[in-house]
Amino acid sequence: MARIKLNISNYGKCLCPVCPVQLKSPCIAAKNENWREQRKAIGEILKEYPDHPEAYQMDMEELEKSGVGIRHHFSQPRPDEMQELYCSEAVGKSNCDDLDEEKMCQCQDCAVWQQNRLGRTYFCLSGSA
Ligand code: SF4
Ligand code: SF4
């Protein structure tokens, strides 16, 4: 099974933030403040994409130490604060226990899932790919 990198390229493709399985979870909502800050910083980094395309593929740990990351005060999100990329080993299963497993997982429509032929779904409930 493919190892899914924790980078901006995959982060931007992940459909978890709009997935109904976690959309109404109070536990997820409680993490929103830091999460929004992280997404804002990533949005700013993406504006520099034409000049720094390499930042798009860098592992987030590496990005944090890079010139682009430092300039945008980017700090790698803590795995337990993330609301996406549950298929990545670095994130894995959500620590929220109020996710709605009756709702439909969006992974099969996600480019990361398709490109890496992940096969399984509901990584937030069952752990990384
Ligand atoms: S892993 Fe699947 S079920 Fe879980 S939040 Fe992401 S898209 Fe939804
Ligand atoms: S396969 Fe699922 S968990 Fe992984 S990036 Fe796509 S939507 Fe997110």
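The values are calculated or read from the model by the stated rules, or taken from the named source; none is laboratory data. The structure displayed is predicted, hence computed values, not measured ones. Here the Cβ is made from the backbone with ideal geometry for all residues, glycine too, and neighbour counts use every protein chain on show. Each accessible area value is taken on the protein alone, full model and side chains, heavy atoms only, with ligands, DNA and RNA left out. Shrake-Rupley method; radii C 1.70, N 1.55, O 1.52, S 1.80 Å.
Annotations
- Lysine pairs in the stretch 22-129 whose alpha-carbon atoms fall under 30 angstrom of each other, counting only those eight or more residues apart or on distinct chains, come to 14.
- Acute angle (nearest 10 degrees) that the helix 32-47 long axis makes with the longest principal axis of the chain, alpha-carbon atoms: 50
- Most mobile of Gln22, Gln115, Gln83 in a GNM of the chain (Cα contacts under 10 Å): Gln115
- The GNM of the chain, with springs linking C-alpha atoms under 10 angstrom apart, assigns the highest mean-square fluctuation among Gly67, Gly92, Gly12 to Gly67.
- Loop-resident sites, the stretch 35-129, for GluC sites (Glu not before Pro), counting at most 13 other Cβ within 10 Å (DSSP): Glu101, Glu102
- Percent accessible area from carbon and sulfur atoms, the stretch 8-126, protein chains only, probe 1.4 Å: 50
- For the chain: relative contact order, % (alpha-carbon pairs under 8 angstrom, 6 or more apart): 39
- Among Val112, Val68, Val91, residue whose mean-square fluctuation peaks in a GNM of the chain (springs only between Cα atoms under 10 Å): Val68
- Residues whose amide H lies under 5 Å from that of Leu15, counting only those 5 or more places away or on a different chain, are absent; hydrogens are built 1.01 Å from N in the peptide plane.
- Diffusion constant of the stretch 8-126 at 25 °C, which comes from Stokes-Einstein with the Kirkwood Cα-pair radius and 0.890 mPa s, µm²/s: 164
- Label separation (Gln114 vs Glu48): 3.1 nm, computed from points 7 Å beyond Cα along the C-beta direction.
- Per residue, the solvent-accessible area of the stretch 8-126 (1.4 Å probe, heavy atoms of protein chains only, all protein chains present) comes to 58 Å².
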